[in-house]
Amino acid sequence: MSKKVLAVYFTQSGQLGEIIDSFTGPLAAAGATVEKLQISPVNKFPFPWSTPVFFGAMPESVLLVPAELESFQLKETHYDLVIIGFQPWFLSPSIPVSSLLQQPAFKAVIKDTPVVTVSGCRNMWINAQEKNKRLLRNADAKLVGNIALVDQHNNYASLVTILYWMLTGKKDRKWGIFPKPGVSDQDIRHASVFGETVKEHLLKDDWTELQPRLVEQKAVNVKYQYMFIERKAGRLFLIWANIISKKKKRTGWLVAFKYYLLIALCIAAPIILTVDAILFKPFLSKRIQRQKKYYSGVELI
Ligand SMILES: Cc1cc2nc3c(=O)[nH]c(=O)nc-3n(C[C@H](O)[C@H](O)[C@H](O)COP(=O)(O)O)c2cc1C
């Protein structure tokens, strides 16, 4: 196969790099030329993070404020497929990835080109992907597929373990009690199955049925409770981001946001979800199905 594929991604822990390796394995095995590019911002984000820097990344993540990236040279000017590996930060594509998608030179590379997005996150990627869809449309790229790998553990366990992982850099079991953070090794290996599917469409150069097939294979799985939280939280984060980004002294505001977030996730969300489950959800099943189908897809409305 003489197809040229670019796989571009950002990663701090290496997790997304492992996902990209697994996912692109079948493409390379079939003879496609897979050029991998790991991008990096000029001003590095620390890993492990400190708490203030972690929450300090919220406004620019949410508002998609581009940061300068280390310059890079691509081997080609055009590819048959571009794979974009991203991680959500505060329900938005991470700053390095949103910066890349706004770079004029990169926009020229993905113009009129099939793009597959691949993410590795805790469990909330829907809003970030909607923002990606808009950025890709602005670049005249053709989003043909999306794969979202998540931490399959319970929402509260994964909240504890992601903070532990991000703030210590250790991807192991906190106190020997909590599950291992992040996407499981098994799910990372399984990403090659989705790579196989993408390979078949690359060979045919026909992308029409790719995303429905990926949905069937559970490459994306929109869960109601996360969709519900994201739809509400996305709007609230935007309000916080707009307020904080205008402040000269941000520290107090960011501390307030941190507590707001923890209270919203741990106390408000379970109460609101319970009320919703009793009063609204049972009567909205058609609308919920429609929304799930939309977020599983690659269209933008
Ligand atoms: C600042 C920050 C914000 C994050 N926000 C989210 C989020 O909104 N939703 C989510 O599912 N995961 C979130 N995560 C987890 C990341 O998406 C990702 O899984 C993790 O950072 C590991 O990615 P890596 O490959 O860059 O190491 C966040 C991580 C960081 C560092």
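Can you tell which of 256, 219, 277, 191 is more than 21 Å from residue 62 (Cα to Cα), small (Gly, Ala, Ser) and over 21 Å from the mean Cα position of the chain (by Cα)?
Going through 256, 219, 277, 191 in turn, just one is more than 21 Å from residue 62 (Cα to Cα), small (Gly, Ala, Ser) and over 21 Å from the mean Cα position of the chain (by Cα): 277.
Answer yes if at least one residue in the stretch 107-116 is of a type in the set (Gly, Ala, Ser), away from the ligand (no atom under 16 Å from the Cβ) and farther than 26 Å from residue 138 by Cα, and no otherwise.
no
For the stretch 107-140, name all the residues that are among the small types (Gly, Ala, Ser) and buried (at least 23 other Cβ atoms within 10 Å of the Cβ).
Within the stretch 107-140, 119, 120, 128 meet the criteria.
Mind counting the residues in the stretch 97-108 that are hydrophobic (A, V, I, L, M, F, W, C) and over 15 Å from residue 39 (Cα atoms)?
Adding up the residues that qualify gives 1.
Would you check if residue 149 is touching a Ser or Thr at 6+ places or on another chain (Cβ under 7 Å), over 18 Å from residue 96 (Cβ atoms) and either assigned to a helix (DSSP H, G or I) or hydroxyl-bearing (Ser, Thr, Tyr) (or both)?
Answer is no for this residue.
Among all residue pairs at least 6 apart or on different chains, which show Cβ distances below 8 Å where the first residue, located in the stretch 55-66, is in contact (Cβ under 8 Å) with a residue 40 or more places away in the chain and the second is assigned to a helix (DSSP H, G or I) and aromatic (Phe, Trp, Tyr)?
Going by the 8 Å Cβ cut-off, the qualifying pairs are 55/257; 58/237; 58/240; 58/257; 59/240; 62/237; 62/240.
Residue 102 versus (1) buried (at least 19 other Cβ atoms within 10 Å of the Cβ); (2) more than 16 Å from the ligand (Cβ to nearest atom): which is the lone unmet condition?
(1)
Taking the residues in the stretch 280-292 that are over 18 Å from the mean Cα position of the chain (by Cα) and of a type in the set (Lys, Arg) as candidates, determine which candidate is nearest to residue 118 (Cα to Cα).
Looking at the filtered set, the residue picked out is 290.
When the residues of the stretch 213-243 are narrowed to those that are without any contact (Cβ under 8 Å) to a residue 60 or more places away in the chain and more than 30 Å from residue 254 (Cβ to Cβ), which ends up surrounded by the fewest Cβ atoms within 10 Å (Cβ to Cβ)?
Out of the qualifying residues, it is 216.
In the stretch 124-151, what count of residues is obtained for those that are away from the ligand (no atom under 12 Å from the Cβ) and at negative phi?
Result for the stretch 124-151: 16.
Going by the conditions given, is residue 62 over 20 Å from residue 12 (Cα atoms), in contact with a helix residue (DSSP H, G or I) (Cβ under 7 Å, 6 or more places away or on another chain) and not hydroxyl-bearing (Ser, Thr, Tyr)?
Spelling it out, it is not the case that residue 62 is over 20 Å from residue 12 (Cα atoms), in contact with a helix residue (DSSP H, G or I) (Cβ under 7 Å, 6 or more places away or on another chain) and not hydroxyl-bearing (Ser, Thr, Tyr).
Counting just the residues of the stretch 24-60 that are within 10 Å of the ligand (Cβ to nearest atom) and under 21 Å from residue 101 (Cα atoms), which one comes out farthest from the chain's Cα centre (by Cα)?
45
Quick one: count up the residues across the stretch 1-23 that are over 22 Å from residue 70 (Cβ atoms), within 16 Å of the ligand (Cβ to nearest atom) and in contact with a strand residue (DSSP E or B) (Cβ under 9 Å, 6 or more places away or on another chain).
Total satisfying the criteria: 1.
Within the stretch 112-144, how many residues turn out to be part of a helix (DSSP H, G or I) and more than 18 Å from residue 7 (Cα to Cα)?
Total meeting the criteria: 8.
Of (1) touching a His at 6+ places or on another chain (Cβ under 9 Å); (2) more than 24 Å from residue 71 (Cα to Cα); (3) buried (at least 21 other Cβ atoms within 10 Å of the Cβ), residue 179 satisfies all except one. Which?
(3)
Being more than 9 Å from the ligand (Cβ to nearest atom), under 14 Å from residue 135 (Cβ atoms) and crowded, with 22+ Cβ neighbours inside 10 Å is the filter here; which residues of the stretch 63-94 pass it?
Scanning the stretch 63-94 gives 82, 84, 93.
List the number of the failed condition for residue 56; all other conditions in (1) farther than 20 Å from residue 261 by Cβ; (2) surrounded by fewer than 24 Cβ atoms within 10 Å (Cβ to Cβ) hold.
Against the list (1) farther than 20 Å from residue 261 by Cβ; (2) surrounded by fewer than 24 Cβ atoms within 10 Å (Cβ to Cβ), residue 56 comes up short only on (1).
Can you tell me which residues in the stretch 247-299 are in contact with a strand residue (DSSP E or B) (Cβ under 9 Å, 6 or more places away or on another chain) and surrounded by 13 or more Cβ atoms within 10 Å (Cβ to Cβ)?
296, 297, 298
Every number in this text was worked out from the coordinates using simple rules, so none of it is lab data. In this text the structure is predicted, and so the values were computed from the model without any measurement. For neighbour counting, all protein chains shown are included, and Cβ atoms are generated from backbone atoms with ideal geometry for every residue, glycine included.
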